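Laboratory data are not the source of any read-out in this text; all were calculated from the coordinates shown. Since we're looking at a predicted model, the values are computed, not measured. So basically every Cβ, Gly included, is an ideal-geometry build from the backbone, and we count neighbours across all protein chains shown.
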Amino acid sequence: MRRDHRPYWLKHWQLRFRHWRARHFLLPQFDAVGSEPEIMDPGSVHVFGRKIRLGDYPHLISTPDNCIRLTTLGHRGKEAGITIGDYVLISPGVRISAEESITIGNACMIAANVYISDSDWHGLYNRARPFRCTRPVQLGDNVWIGDSAIICKGVSIGDNSVVGAGSVVTADVAANTVVAGNPAREIKKIEPRRRMITREVLFADAFRQAHNMDELDRMLLEGNSLRGWLRSLLFPRRGD
Ligand SMILES: CC(C)(COP(=O)(O)OP(=O)(O)OC[C@H]1O[C@@H](n2cnc3c(N)ncnc32)[C@H](O)[C@@H]1OP(=O)(O)O)[C@@H](O)C(=O)NCCC(=O)NCCS
């Protein structure tokens with residue numbers, strides 16, 4: 001489909017339904033959720049376990065064929081936790097699994113299919129339990145994890161650092177550092193004195209932004225009708 005054939009009112013009601021679904025079914029599964037969560041498809045965000053917290057303005061993008069999974073599973077009476085800061089982007093296919101503690105700072109961007117875990121989940125000599133193979137993971141503020149990267153147990157990543165696509169991070173990454181490869185190695189530094197624009201700017205005036213998006217929808221979908229939308233679904237034409 002090259003363009004959206006939905007009438008404005010239909011998209012508007014679909015968005016409202018999506019917000020209601022998120023509020024009613026998904027968000028109660030978290031221990032805490034900040035203001036203005038944006039959840040693209042609430043049905044494809046799978047939350048398992050307690051002590052999972054989301055900050056303000058979280059943006060969770062997932063699809064039914066590429067779910068987001070947030071899991072806490074403490075052993076031997078320990079409670080595991082996942083704490084996610086403000087303005088964080090989580091993309092389709094991301095899995096974050098904590099046996100003890102995973103902390104993600106503000107304005108982090110987690111690209112598609114990233115796996116973050118603080119545990120190997122099986123010991124080298126005890127394959128039945130996560131025995132001596134768990135160490136907390138911590139991401140600073142404004143960290144960007146590239147597509148399909150893996151962040152292993154015990155790793156701390158400093159503020160503003162970037163992990164290249166497909167990398168496997170097994171050791172700490174200092175602040176303002178770009179790492180890549182398997183195992184990930186430093187490939188360059190980020191100049192800390194240069195002005196950094198983070199995701200936070202996107203939400204500087206959230207009300208105005210929502211209003212602008214609504215106006216944009218109104219403009220782009222102008223002239224669309226229910227009949228035209230149904231026709232595009234049932235009898236698609238070249239160029240639809
Ligand atoms: C990490 C990244 C940002 C670096 O980009 P860059 O600054 O333009 O880096 P360069 O292309 O100058 O690469 C520098 C060196 O690192 C290597 N490198 C870069 N990315 C790499 C990666 N993902 N894995 C392995 N090596 C990598 C390059 O081959 C190059 O090596 P060389 O000096 O031996 O030739 C980028 O490569 C990347 O992986 N981006 C992820 C994008 C993404 O996942 N986006 C999802 C949207 S949220």
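Can you give the percent of C-alpha pairs in the range 152-224 whose distance is more than 15 Å? Of the Cα pairs, 67 percent sit more than 15 Å apart. Over the chain, Cα pairs under 8 Å with separation of 6+ residues give a relative contact order of 14 percent.
Only beta bridges with both residues in the chain are counted; by DSSP, about 10 percent of them are antiparallel.
Taking R195, R53, R16 as the candidate residues, the one with maximal mean-square fluctuation in a Gaussian network model of the chain, Cα springs under 10 Å, is R195. Computing FRET efficiency as 1/(1 + (r/R0)^6) for R76 and I187, where r is the C-beta to C-beta distance and R0 is 51 Å, gives about 0.80.
Scanning residues 5 or more positions from H46 or on other chains, those with amide H under 5 Å from its amide H are I68, R69, L70, with H placed 1.01 Å from N in the peptide plane.
Extending 7 Å from Cα along the Cβ direction at F207 and again at R132 yields two label points whose distance is 5.8 nm.
In whole percents, the pair-distance distribution calculated for the range 61-143 from its alpha-carbon pairs, binned every 5 Å from zero, is 4, 15, 22, 23, 16, 12, 7, 1, 0. Restricting the calculation to Cα atoms, the range 31-193 shows an Rg/Rh of 0.96 when the hydrodynamic-style radius is the Kirkwood one. For the chain, the tally of Lys pairs with Cα-Cα distances below 25 Å comes to 5, considering only residues 8 or more apart or on different chains. Ordering 222-228, 116-122, 42-48 by mean Cβ neighbour count within 10 Å, with the highest value first, yields 116-122, 42-48, 222-228. For the range 110-240, the Kirkwood radius over C-alpha pairs fed into Stokes-Einstein at 25 °C and 0.890 mPa s yields D = 133 µm² per second. May I ask for the angle, rounded to the nearest 10°, between helix 206-220 and the longest principal axis of the chain, with both axes built from Cα atoms and the value confined to 0 to 90°? Relative to the chain, helix 206-220 is tipped by roughly 40 degrees.
The separation of the range 1-61 from the range 184-219, counted between C-alpha centres, amounts to 20 Å. The order of L60, L139, going from fewest to most other C-beta atoms within 10 Å of their C-beta, is L60, L139. In the chain, helices alone account for a calculated mean residue ellipticity at 222 nm of -5000 deg cm²/dmol, with every DSSP H run of four or more residues adding -39,500 (n - 2.57). Among D41, D172, rank each residue by its count of other Cβ atoms within 10 Å, from fewest to most, as a rough exposure measure. Final ranking by Cβ density, sparse to dense: D172, D41. Packing around the peptides 149-156, 61-68, taken as the average count of other Cβ atoms within 10 Å per residue, puts them in this order, highest first: 149-156, 61-68. By the beta-carbon count within 10 Å of each Cβ, the least crowded to most crowded order of V137, V162, fewest first, is V162, V137.
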